[in-house]
Amino acid sequence: MLNIVGQSRAIGQLQRALSSGRLASTWMFAGPQGVGKFTTACAMARTALCEAPVRKANRHADGLHVSSLPDDFMLTLACGHCESCKACDVGVHPDLHLISRQLVRFHDSSGKSKASTLSISVIRGEITGDSNPERPVESKLYKRSQRGRGKWFIIDEADLMQHEAQNALLKALEEPPPQTYLVMITASPADLLTTIRSRSQQVQFNALPTDMVIKQLGLQGVTAADAAIVARLSGGSIGCSLDWLGLMEADKADAAKRAARANKPRAGGDDDADSADDSPDAADAPPSNILDWTTAICKLLDDMVVGRAGAMQLATIIQKNAEDYARRQLRRDPLTSKEQAKRAGIAIMLAIIGHWLDDRLRQYIGAAIEVPLPATTHALSPASVRRALAVLRSAENHLDSNAHQALLLAANMTALRAAVSPQLAGR
Ligand SMILES: [Zn+2]
């Protein structure tokens, strides 16, 4: 668990807990998306389940020194060789339960549910069980540990638990069986019941320093200049950066699959989830990524300020980019809710506009712009930027409503245009 970058404080807290031998039964790992919370939870469980854990002084941790711990602290590490470690590595340890919204496919009898929330059926099926005599479900929580070293339940995106699911879990947390550990992963702890939060041991994860994200993206072949922009937009999240660049493992597998398909004559009965709305060319072309989106949006904003582009053009490009984003999410997992993915995509595009506005304001007051987004325009006054940011906030709020997204976006971009080019607003 020491190779997780940039989370020395969280790792230190977990190492202290492991060494004390008194692990809390309920944990909450909170912090931005894509900074290593889930990976750390899996590593923590692997260490606790290891049959022959190794103790090693922090100073001897071979380049993996935990800076938040003293040099003579004795770290607890998984051995990496025992049956338990090997089972964790290939995802088949019987006492390690990974729970995500995608599991809905195993617990929904209709087989049609989209994985947009963590439903009560997933929580019952994977953790608490259900005592309903008509449809009893065995509780994994109360089953004995199969390898005798405790049981771990890791809930990814725990804030997506529906209210009913949270209540079911809360009941289980009131009297957890011995040697049972539950880790909730969340980027928005406020969406969990206060009573769940107060029962959990909190571990805070941080956004990563920009240079660390740039270095990690460099390992994936991204140039330093591009990586700097992506690191800025993702706010120090490696996970989001890889997601937006289309560099996740699933994307690479998908690209390889499409490349293989491109070399084969296309058969008529292609039943891939994404084939219906893709022409053969579009299906095999690499999907656009955050760098393309940023270039296109910034160019339109530039044009808009000088009256060469209209609000509808911006609204259209936002929609198109968001659809591209959603298409990639669906390729990774056909059970993803397309609407939800598209909303997330629009939120990314609005965030790009926010960063561009921030640059224009810095330009106006003569402040340095560390990693500027592409721009050719002049500065914008604080009043213009303030009005434009208010429009963005309202557009973000509209995302959660069920109203007609395209119309709302067009209306908001019209207001944005009026804010950044007031002299043109009446035309
Ligand atoms: Zn081991």
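Coordinate-derived values only; no laboratory data. Only a predicted model underlies this, so the values are computations on that prediction, with no experimental measurement involved. With ideal geometry, Cβ positions are generated from the backbone for all residues, glycine too; neighbour counts draw on all protein chains shown.
Of all beta bridges that DSSP places with both ends in the chain, some 20 percent have antiparallel geometry.
The dipole here belongs to region 1-150: it is taken about the Cα centre, uses +1 on the Cβ of Lys and Arg and -1 on the Cβ of Asp and Glu, and is about 180 debye. Summarising the amide proton neighbourhood of Gln202: residues at separation of 5 or more, or on other chains, whose placed amide H is nearer than 5 Å comprise Met28.
Taken one residue at a time, the phi angles of region 11-27 give Karplus couplings (6.51, -1.76, 1.60, θ = phi - 60°) of 4, x, 4, 6, 5, 4, 5, 4, 6, 6, x, 10, 7, 5, 8, 10, 10 Hz. Gly and Pro are set to x. Under the classification rounded if a/c is under 1.5, otherwise prolate if a/b is larger than b/c and oblate if not, where does region 8-204 fall, given a ≥ b ≥ c as square roots of the Cα gyration tensor eigenvalues? Prolate is the answer for region 8-204, as a/c is 1.5 or above and a/b outweighs b/c.
What FRET efficiency comes out for the pair His60/Asn263, r = Cβ-Cβ distance, R0 = 51 Å, nearest 0.05?
Details: r = 50 Å, r/R0 = 0.99.
Efficiency computed from Cβ-Cβ geometry: 0.50.
Listed by Cβ neighbour count within 10 Å, with the fewest neighbours leading, Met184, Met349, Met74 appear as Met74, Met349, Met184. Helix-only arithmetic for the chain: the sum of -39500 (n - 2.57) across DSSP H runs with n ≥ 4, divided by the residue total, places the mean residue ellipticity at 222 nm at -15000 deg cm²/dmol. Using only Cα atoms, what Kirkwood radius does region 288-427 have, in angstroms? Roughly 15.3 Å, rounded to one decimal.
Each label was represented as a point 7 Å from its Cα along the Cα-to-Cβ direction; for Asn3 and Ser188 these points are 3.3 nm apart.
Return Tyr325, Tyr142 ranked ascending by Cβ neighbour count within 10 Å, so the fewest neighbours appear first. Provide the component values of the computation, followed by the final result.
On the way: Tyr325 26, Tyr142 14.
Listing Tyr325, Tyr142 from fewest to most nearby Cβ atoms yields Tyr142, Tyr325.
Does region 117-270 classify as rounded, prolate or oblate by the C-alpha gyration tensor (a ≥ b ≥ c root eigenvalues; a/c under 1.5 gives rounded; else a/b over b/c gives prolate, otherwise oblate)? Because a/c hits 1.5 or more and a/b fails to exceed b/c, region 117-270 counts as oblate. Amide H contacts under 5 Å for Leu182: Thr26, Trp27, Phe153, restricted to partners 5 or more places along the chain or on a different chain, H placed in the peptide plane at 1.01 Å from N.
Applying 1/(1 + (r/R0)^6) with R0 = 41 Å to the Cβ-Cβ distance of Lys215 and Asp333, what FRET efficiency is obtained, to the nearest 0.05?
On the way: r = 29 Å, r/R0 = 0.70.
So, using R0 = 41 Å, E works out to roughly 0.90.
Between Ala309 and Met304, the built amide H atoms are under 5 Å apart, and every one of these is 5 or more places off in sequence or on another chain.
Our note on the geometry: Cα centres of region 335-412 and region 150-185, 36 Å apart.
Just need the relative contact order of region 8-204 here, percent rounded to a whole number, with Cα pairs under 8 Å and 6+ apart.
Working: 332 pairs, mean separation 56.4, N = 197.
Relative CO of region 8-204 lands at 29 percent.
Does region 17-96 classify as rounded, prolate or oblate by the C-alpha gyration tensor (a ≥ b ≥ c root eigenvalues; a/c under 1.5 gives rounded; else a/b over b/c gives prolate, otherwise oblate)? Verdict is oblate for region 17-96.
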